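The values are calculated or read from the model by the stated rules, or taken from the named source; none is laboratory data. It should be emphasised that the depicted structure is a prediction, and the values quoted were computed from it without experimental measurement. Neighbour counts run over all protein chains shown; Cβ positions are idealised from the backbone, glycine included. Keep in mind that these areas ignore ligands, DNA and RNA; they rest on the heavy atoms of the full protein, side chains included. Shrake-Rupley method; radii C 1.70, N 1.55, O 1.52, S 1.80 Å.
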Amino acid sequence: MCSQGCVVLDGSCEKGRRIGSGPLEVQMCQSILPCHANHQGELGAGQLLKWMDTIACLAAERHAGTACVTASMDDIQFEETVALRPLDLQDSAEEMLEHSLASERRRLRLYNEEAFKNLMSDYYNLQERGLWNKKAIVPTVSTELTRVESIELVLPPHANHHGNTFGGQIMAWMENVATVAASRLCGCYPSLGAVDMFQFRGPSSVGDRLVFKAMVNNAFQTSVEVGVRVEAYNCEEWNEGTPRHINSAFMIYYLPGPNGDRQTFPDVTYTTHDGERRFLGAIVRKRIRMARKHILYSRDEGPISVPWDRNNQVYLGYNNVAALTILAGKQGWEANNINERVGTYVHEEEDSLYIRVEMEIKTSAFHAFSRLADLRLRPCWDKNYLSCKEVEKADEEETVYHVKCATINGGRCRDFVFLLSKRQPCKDGDPYVIAIRSVTVATVPPEENSIRSEAKCAGFLIHRIGHSTCKASYYNQVTSGVLPYIEGNLAGWSKSMEDTAMSCISFLEQDLLTTVF
């Protein structure tokens with residue numbers, strides 16, 4: 001939006017999200033003047049944050065019937081305890097969707113602190129073992145060189161109708177200092193792409209001196225995270241040097257290229273213990289943002305299954321195996337957690353998410369292949385599989401299965417119809433391949449009490465390490481049907497994938513005589 005234009009903001013009882021045109025909605029129309037624009041003549045992100053904060057506060061006050069203050073960019077909390085009226089939602093699909101998203105965002109926020117601690121522990125462990133994904137590209141820039149500090153005096157025009165500093169004004173000042181810090185890394189003008197964990201810890205008022213401290217925490221190829229801390233002093237506190245920590249946030253910047261693509265940032269490193277904490281914390285927050293995006297905004301991909309045709313099984317089987325091989329060959333996997341027997345990794349490309357689980361197993365590669373290739377055995381080690389029935393066996397390499405899976409979060413059961421294609425190595429060094437994808441079979445129609453879900457590409461590659469040891473790598477291109485079973489791992493509050501992998505290892509290392517062929 002360029003200067004001389006206008007912007008219309010809709011506010012409702014959930015900040016920044018329009019639920020409907022009911023009595024809780026507040027609208028604001030603002031003309032964009034040159035004073036609101038940045039150096040490129042576009043609406044400044046800080047100014048937009050000010051307007052968003054104002055309209056969100058007004059919408060919250062209309063709902064609560066009393067004065068409200070901004071608590072974070074995700075939530076509205078109140079200065080005093082108030083009994084709120086329950087929302088009277090209309091029956092439109094848009095309203096119900098927004099309400100469910102608000103509930104899900106609240107659930108993720110409640111898990112956020114625990115998930116952050118768990119993931120920080122995982123990444124410190126990866127760092128100690130030299131397994132975390134830090135690029136060895138030189139030269140690197142020390143994050144200390146991006147440190148910026150500025151001071152603002154709160155004047156009457158900066159205060160709201162409650163006598164406190166505008167939350168939006170503080171946001172705008174924070175955006176200014178964060179932009180300078182990011183520009184010190186890249187040497188040009190970056191654009192603000194997102195804000196994360198905008199927390200308002202306490203108020204400030206007219207006459208306070210606000211000290212803004214910003215520094216780049218980490219760089220991720222086409223994005224960079226800048227941490228901002230705000231400290232407030234009144235006159236007495238200023239003389240004594242005793243600040244109040246009132247705000248903090250993490251801002252994500254990118255460099256727009258001439259063709260609309262995003263340019264890369266220089267790699268960064270740390271030189272202090274606090275810099276190390278910030279560096280790893282940025283990796284964890286990026287992981288949580290990734291999980292949050294896919295959990296909240298995953299959508300139906302449309303039909304994924306292909307019709308099963310026994311007369312065309314050679315083509316279907318070849319495509320099944322080829323898709324898994326291509327998936328396994330993707331570069332840029334990021335380690336999430338690694339122990340002596342199991343390692344978990346994720347890889348994201350635009351809106352697509354992939355997972356990889358590596359297992360070191362004390363058994364022969366052929367034995368592992370034989371057991372994993374019979375999907376009827378999977379309920380023995382995977383608690384998410386309630387049952388697996390063989391629908392059609394085309395030949396020794398292609399089999400169709402009907403799988404029923406456990407319920408998630410009190411929802412309905414899910415079921416899948418899979419084509420499993422297995423291949424033995426053609427030459428030494430090649431892996432055993434077990435490829436899985438969803439197919440449509442007329443004899444297995446969707447059931448009323450189950451959600452028919454689909455998988456696009458999944459399976460195992462099993463490499464021989466020694467006579468009695470092998471490495472099995474499980475891959476999955478995450479779909480909306482698969483996501484509910486792994487979202488806890490992505491967000492950091494669960495180790496279900498690691499637990500399932502350990503169960504698989506124990507199952508495969510059992511006595512060979514128990515194998516069912």
Restricting to the range 475-511, count the residues that are hydrophobic (A, V, I, L, M, F, W, C) and farther than 18 Å from residue 353 by Cα. 7
Given the conditions (1) open to solvent by less than 10 Å² (accessible area, probe 1.4 Å); (2) over 17 Å from residue 197 (Cα atoms); (3) not acidic (Asp, Glu), and given that residue 259 satisfies all but one, which numbered condition is not satisfied? (1)
Exactly one condition in (1) out of contact with any Gly (no Cβ under 6 Å at 6 or more places or on another chain); (2) modelled with pLDDT of 95 or more; (3) under 24 Å from residue 508 (Cα atoms) is false for residue 358; which is it? (1)
Can you tell me which residue within the range 484-503, out of those that are at pLDDT 90 or above and of a type in the set (A, V, I, L, M, F, W, C), is surrounded by the most Cβ atoms within 10 Å (Cβ to Cβ)? 501
Residues of the range 406-444 being farther than 16 Å from residue 366 by Cα, of a type in the set (Val, Ile, Thr) and touching a helix residue (DSSP H, G or I) at 6+ places or on another chain (Cβ under 9 Å), in sequence order, are 408, 436, 439
May I ask you to list the residues in the range 182-205 that are of a type in the set (Lys, Arg) and exposed (fewer than 15 other Cβ atoms within 10 Å of the Cβ)? 201
Complete set of residues in the range 447-463 that are assigned to a strand (DSSP E or B) and within 22 Å of residue 395 (Cβ to Cβ): 458, 459, 460, 461, 462
In the range 264-274, residue nearest to residue 186 (Cα to Cα) [restricted to those that are outside any loop (DSSP other than H, G, I, E, B) and open to solvent by less than 90 Å² (accessible area, probe 1.4 Å)]: 268
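Taking residue 394 as the residue in question, decide whether it is surrounded by fewer than 22 Cβ atoms within 10 Å (Cβ to Cβ), in contact (Cβ under 8 Å) with a residue 24 or more places away in the chain, among the small types (Gly, Ala, Ser) and under 12 Å from residue 317 (Cα atoms).
On the way: surrounded by fewer than 22 Cβ atoms within 10 Å (Cβ to Cβ): yes; in contact (Cβ under 8 Å) with a residue 24 or more places away in the chain: yes; among the small types (Gly, Ala, Ser): yes; under 12 Å from residue 317 (Cα atoms): yes.
Answer is yes for this residue.
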Restricting attention to the range 318-363, and to residues there that are open to solvent by less than 20 Å² (accessible area, probe 1.4 Å) and among the hydroxyl-bearing types (Ser, Thr, Tyr), which single residue is farthest from residue 465 (Cα to Cα)? 354
Considering only residues that are free of Cβ contacts under 8 Å to residues at least 60 places away in the same chain and open to solvent by 40 Å² or more (accessible area, probe 1.4 Å), look in the range 206-221 and name the one that is nearest to residue 151 (Cα to Cα). 209
State which residue pairs qualify: first residue touching a residue at least 12 places away in the same chain (Cβ under 8 Å) and inside the range 313-331, second residue of a type in the set (Lys, Arg) and in a helix (DSSP H, G or I) in any location, beta carbons under 6 Å apart, and separation of 6 or more residues or different chains. none
In the set 283, 252, 288, which member is crowded, with 18+ Cβ neighbours inside 10 Å, at pLDDT below 85 and of a type in the set (Val, Ile, Thr)? 288
How about the range 303-361: which strands (runs of 3 or more DSSP E) wholly inside it have at least 1 residues that are farther than 14 Å from residue 436 by Cβ and in contact with a Leu (Cβ under 6 Å, 6 or more places away or on another chain)? 334-338, 352-361
State whether one or more residues within the range 472-483 are farther than 19 Å from residue 347 by Cβ, open to solvent by 10 Å² or more (accessible area, probe 1.4 Å) and out of contact with any Asp or Glu (no Cβ under 7 Å at 6 or more places or on another chain). no
In the set 263, 221, 199, the lone residue that is in contact with a Leu (Cβ under 9 Å, 6 or more places away or on another chain) and of a type in the set (S, T, N, Q) is 263
From the options 438, 453, 387, residue that is open to solvent by less than 60 Å² (accessible area, probe 1.4 Å), touching a residue at least 60 places away in the same chain (Cβ under 8 Å), touching a strand residue (DSSP E or B) at 6+ places or on another chain (Cβ under 8 Å) and not aromatic (Phe, Trp, Tyr): 438
